[in-house]
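Undergrad: Sending over a structure as structure tokens; questions will come in a sec.
Please treat every number below as a calculation from the coordinates, not as lab data. Keep in mind it's a predicted model, so treat the numbers as computed, not measured. Note that each Cβ is placed from the backbone with ideal geometry, even for glycine, and that neighbours are counted across all protein chains shown.
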Amino acid sequence: MQTYHKNDKEFIKFLIEHGADPNIEDHDGYTSLFYECKKRERRLMLKINMTKYQLIYACKSNNSELIKYLVERGAEINVRDNDGWSPLMYSCKNNNYNIIETTLIYACKSGNSEFVKYLIESKVKINAKDDEGSAPLIYGCLSDNYEIVKYLIENGAEINTKDDWDGTPLENACGIQIVLRNIKKIYGG
């Protein structure tokens, strides 16, 4: 994996396809995925398993695209580095409010209830909206995750919030249920 420093991506792909362990750390304790994060490249990440420090590095470097990618794929969110810092702490340190607020949206979208609770307990804005005007509660309803929806409402989520298309959480939840019932009718089950 040392060839990564030379940007020989084809050789790295070859090594991984033939059984090389991308999770082996170099003499500084970094993995191949660490260097992928550092270069902000995602193509090779699909072939490499996540390690627990990748979300910390993404937050440390304010890479919101990578943060979204890692959170949606179940990155470990309660991890702390050797200095005791968490991903959320790095985002706060870097004054990157967009990352902090949209992380709750990504967690709701992916149904990651543990991360949703962690973020709300960390006082992230529960009604922050994304670029489509959708708040976390709308994504909680769309992910059909009762636990997330209940937790958001119990912690002050605006129940009648509207997205840019005037859709409310209730309308989104009902829409999902109607679609599911119709699929069951069509395909049986």
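Undergrad: Which ³J(HN,Hα) values in Hz, rounded to whole numbers, follow from the phi angles of the stretch 95-108 under the Karplus curve 6.51 cos²θ - 1.76 cosθ + 1.60, where θ = phi - 60° and Gly and Pro get x?
TA: Calculated HN-Hα couplings, in order: 6, 9, 5, 4, 4, 4, 6, 6, 4, 5, 5, 4, 5, 5 Hz.
Undergrad: What net charge is computed for the residues neighbouring residue 163, neighbours being all others with C-beta under 15 Å from the C-beta of residue 163, Lys and Arg scored +1, Asp and Glu -1?
TA: Once positives and negatives cancel, what remains is -4.
Undergrad: Got a sec to turn the phi values of the stretch 119-127 into Karplus ³J(HN,Hα) couplings, 6.51 cos²θ - 1.76 cosθ + 1.60 with θ = phi - 60°, whole Hz, x for Gly and Pro?
TA: Once rounded to whole Hz, the list reads 5, 5, 5, 8, 6, 5, 4, 6, 10.
Undergrad: Viscosity 0.890 mPa s, temperature 25 °C: Stokes-Einstein D of the stretch 50-187 from its Kirkwood Cα radius, in µm² per second?
TA: Translational diffusion coefficient: 159 µm²/s.
Undergrad: Moving on to the next point. Can you tell me, using C-alpha contacts under 8 Å and at least 6 residues apart, the relative contact order of the stretch 53-189 as a whole percent?
TA: Values: 170 pairs, mean separation 23.1, N = 137.
Here the relative contact order equals 17 percent.
Undergrad: For the stretch 76-134, take the convex hull of the Cα atoms, compute a quarter of its surface area, and give me that in nm², please.
TA: In nm², the orientation-averaged hull projection of the stretch 76-134 is 4.1.
Undergrad: Output the pairs from 68/184; 68/117; 13/60; 93/123; 125/162 with a Cα-Cα distance over 22 Å in this structure; if there are none, say none.
TA: Over 22 Å Cα-Cα: 68/184; 13/60.
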